[in-house]
Amino acid sequence: MKVAAAKPDLEKWRRRVREARLLRPTGKVVRVIGLTVEVRGIAARIGEICHVHVPGESPVVAEVVGFREDVTLLMPLGELRGIYPGCTVVPQGRGLEVAVGDHLLGRVLDGLGRPMDNGGAAAETAPPGVHFVPVDRPPPNPLSRQRISEVFATGIKAIDAFLTCGRGQRLGVFAGSGVGKSTLLGMVARYAGADLNVIALVGERGREVRDFIEGDLGEEGLARSVVVAATSDQPALVRLKAAFVASAIAEYFRDRGRHVLLLMDSVTRFAMAQREVGLAIGEPPATRGYTPSVFALLPRLLERAGTGPQGSITAFYTVLVEGDDLNEPITDAVRGILDGHIVLSRDLAAKNHYPAIDVLQSVSRLMPEITGAEHQAQAARLRDLLATYRQAEDLINVGAYARGSNPQIDAAVDAYPRIMGFLRQHMREKSTFEETMAAFFSL
Ligand SMILES: Nc1ncnc2c1ncn2[C@@H]1O[C@H](COP(=O)(O)OP(=O)(O)OP(=O)(O)O)[C@@H](O)[C@H]1O
Ligand SMILES: [Mg+2]
């Protein structure tokens with residue numbers, strides 16, 4: 001107990017030392033091109049925070065993003081207003097940090113982890129003894145991670161029955177625009193059995209943030225959630241940070257043994273933000289304009305979720321599939337990193353079948369390890385029926401299939417309406433795991 005009580009104090013003093021006004025080499029702004037600030041005279045590392053001093057105003061906070069010849073390239077984490085050649089730049093000797101703790105529950109934070117709702121002032125007024133953690137952290141050592149063995153009930157019938165997830169699993173929700181990704185995430189946030197939710201809204205429209213918080217999440221959902229939001233009008237670097245800030249907050253709770261649900265909408269906008277940063281510092285565009293650093297950064301973000309030595313982060317990441325093309329580069333890269341994918345289909349949405357989960361195209365890679373033989377056999381049988389129906393669908397629809405010519409197709413035709421009825425779920429309807437299983441085994 002003694003050790004635990006002493007820890008915040010130690011952290012406080014560490015912080016004091018870090019923030020003490022020691023003699024630091026300062027530099028000067030030489031140029032500003034687009035969003036990058038070129039600085040000469042400082043020796044700072046990639047990811048280090050610098051203050052750009054503008055007389056009469058609070059300093060502009062910026063981060064080191066690269067180097068070119070003898071200049072250091074910075075990108076602002078706020079507005080560039082007031083900067084001019086010759087401004088003093090002071091490296092802070094640390095990367096971005098975020099205040100974490102139970103006080104974050106029920107709060108809406110900006111991309112840098114500062115509260116932006118009315119419930120309180122800035123992070124500087126966080127309760128005493130609060131922890132600060134670095135936003136950029138490596139994923140846990142793979143050998144220290146617990147194996148995933150427990151089911152994570154999402155409250156969504158199609159997922160729990162056909163794409164059962166494990167506690168600590170990471171899944172992608174892939175769909176074109178407007179097919180129901182955000183709505184599905186909202187349902188998972190309300191109905192899933194996690195201790196708490198951490199929700200990152202990255203690069204979404206401003207209207208959607210309130211829609212999500214008030215419409216999808218509701219008061220009860222918000223009370224056990226931490227929301228981090230960086231809308232599309234925020235600087236690219238802030239949108240990037242939002243994803244890492246949310247991951248850092250989720251890790252804080254996981255490392256205290258909690259079972260966290262991390263929801264990120266969307267990874268595509270995160271990738272787009274990194275593309276903007278990459279292009280601004282002179283990286284060559286590669287596949288579809290995405291720069292190589294985008295593909296290097298994706299695993300660094302997505303591997304942070306999952307299990308640790310204790311606790312877990314079960315994560316759902318949405319991916320916007322441009323032009324409904326599942327081979328689009330971000331879709332492809334993300335699918336390769338995660339432990340499963342849920343594909344939403346525009347065809348199903350157009351038939352008013354919601355959630356528009358295409359069971360045949362989706363997979364949970366951990367399902368065989370966490371479900372029993374009976375469950376797997378039932379899922380396989382129903383998938384076979386769906387696949388048979390899908391193959392013969394065109395013939396059936398034009399009336400070219402004569403009943404009796406193939407017993408397998410006959411069985412599929414009989415079962416199809418029941419299976420589709422089971423898969424449909426209104427967004428205000430929760431189904432517990434037991435209810436889902438009862439309905440699933442009676443199909
Ligand atoms: N479960 C559902 N029940 C009924 N309607 C739904 C459901 N899910 C989605 N919809 C309909 O689809 C519309 C778009 O959904 P949503 O905003 O979740 O899509 P999205 O994939 O997140 O879109 P975007 O790509 O623009 O972010 C909703 O406004 C709603 O009308
Ligand atoms: Mg959306």
*Would you kindly identify the strands (runs of 3 or more DSSP E) lying entirely within segment 29-135 that contain at least 2 residues that are among the aliphatic types (A, V, I, L, M), under 23 Å from ALA229 (Cα atoms) and without any contact (Cβ under 8 Å) to a residue 40 or more places away in the chain?*
60-68
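Mind listing just one residue for me: the one in segment 158-184 that is of a type in the set (S, T, N, Q) and either more than 15 Å from ligand 1 (Cβ to nearest atom) or outside any loop (DSSP other than H, G, I, E, B) (or both) and, of those, surrounded by the most Cβ atoms within 10 Å (Cβ to Cβ)? Break it down stepwise before answering.
Going residue by residue through segment 158-184, those that are of a type in the set (S, T, N, Q) are 164, 169, 177, 182-183.
Checking which are either more than 15 Å from ligand 1 (Cβ to nearest atom) or outside any loop (DSSP other than H, G, I, E, B) (or both) leaves us with 164, 169, 182-183.
Values: THR164: 25, GLN169: 27, SER182: 22, THR183: 16.
That would be GLN169.
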*Restrict the check to segment 391-398 and report whether at least one residue is free of Cβ contacts under 8 Å to residues at least 40 places away in the same chain, polar (S, T, N, Q), buried (at least 17 other Cβ atoms within 10 Å of the Cβ) and part of a helix (DSSP H, G or I).*
no
*asked:* Scan segment 242-256 and tell me whether some residue there is charged (D, E, K, R), on the phi > 0 side of the Ramachandran plot and either within 12 Å of the chain's Cα centre (by Cα) or not in a strand (DSSP E or B) (or both).
replied: no
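Let's see how each residue does on (1) more than 16 Å from ligand 1 (Cβ to nearest atom); (2) within 24 Å of ARG365 (Cβ to Cβ):
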| position | (1), (2) |
| --- | --- |
| VAL260 | yes, yes |
| LEU279 | yes, no |
| PRO284 | yes, no |
| ARG288 | yes, no |
| SER293 | yes, no |
| ALA305 | yes, yes |
| ILE313 | yes, yes |
| GLY323 | no, no |
*asked:* Can you tell me which condition PRO355 does not meet? The list is (1) within 16 Å of LEU163 (Cα to Cα); (2) outside any loop (DSSP other than H, G, I, E, B), and all the others hold.
replied: (2)
_Which condition from (1) of a type in the set (D, E, K, R); (2) closer than 30 Å to PHE212 by Cα; (3) not in a loop (DSSP other than H, G, I, E, B) is the one that ARG14 breaks?_
(2)
*Can you work out which of the residues in segment 143-182 that are of a type in the set (S, T, N, Q) and more than 15 Å from the chain's Cα centre (by Cα) is farthest from ligand 2 (Cβ to nearest atom)?*
SER144
*Can you name every residue in segment 136-155 that is of a type in the set (A, V, I, L, M) and not in a loop (DSSP other than H, G, I, E, B)?*
LEU143, VAL151
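How many of the residues making up segment 174-207 are more than 11 Å from THR154 (Cβ to Cβ) and modelled with pLDDT of 90 or more?
Residues that pass the stated criteria total 20.
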*For LEU201, state whether it is assigned to a strand (DSSP E or B) and in contact with a Ser or Thr (Cβ under 9 Å, 6 or more places away or on another chain).*
yes
*Give me a count of the residues in segment 189-204 that are closer than 28 Å to ALA236 by Cα and within 16 Å of ligand 1 (Cβ to nearest atom).*
7
*Could you list all residues from segment 189-231 that are exposed (fewer than 15 other Cβ atoms within 10 Å of the Cβ) and within 16 Å of ligand 2 (Cβ to nearest atom)?*
ARG205, GLY206, ARG207, ARG210, GLU214, GLY215
*asked:* Can you say whether MET420 is modelled with pLDDT of 95 or more and within 17 Å of LYS157 (Cβ to Cβ), as far as the supplied structure shows?
replied: yes
*Which of the residues spanning segment 419-438 are assigned to a helix (DSSP H, G or I) and surrounded by 14 or more Cβ atoms within 10 Å (Cβ to Cβ)?*
ILE419, MET420, PHE422, LEU423, PHE433, THR436, MET437
*Yes or no: SER345 crowded, with 17+ Cβ neighbours inside 10 Å and within 16 Å of ligand 1 (Cβ to nearest atom)?*
yes
*Taking GLY257 and the conditions (1) under 26 Å from LEU217 (Cα atoms); (2) touching a Leu at 6+ places or on another chain (Cβ under 7 Å), which numbered condition does it fall short on, given that it satisfies the others?*
(2)
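The values are calculated or read from the model by the stated rules, or taken from the named source; none is laboratory data. As the structure is a prediction and not an experimental result, all values here were calculated from the model. Glycine gets a Cβ as well: all are built from the backbone with ideal geometry, and neighbour counts include every protein chain shown.
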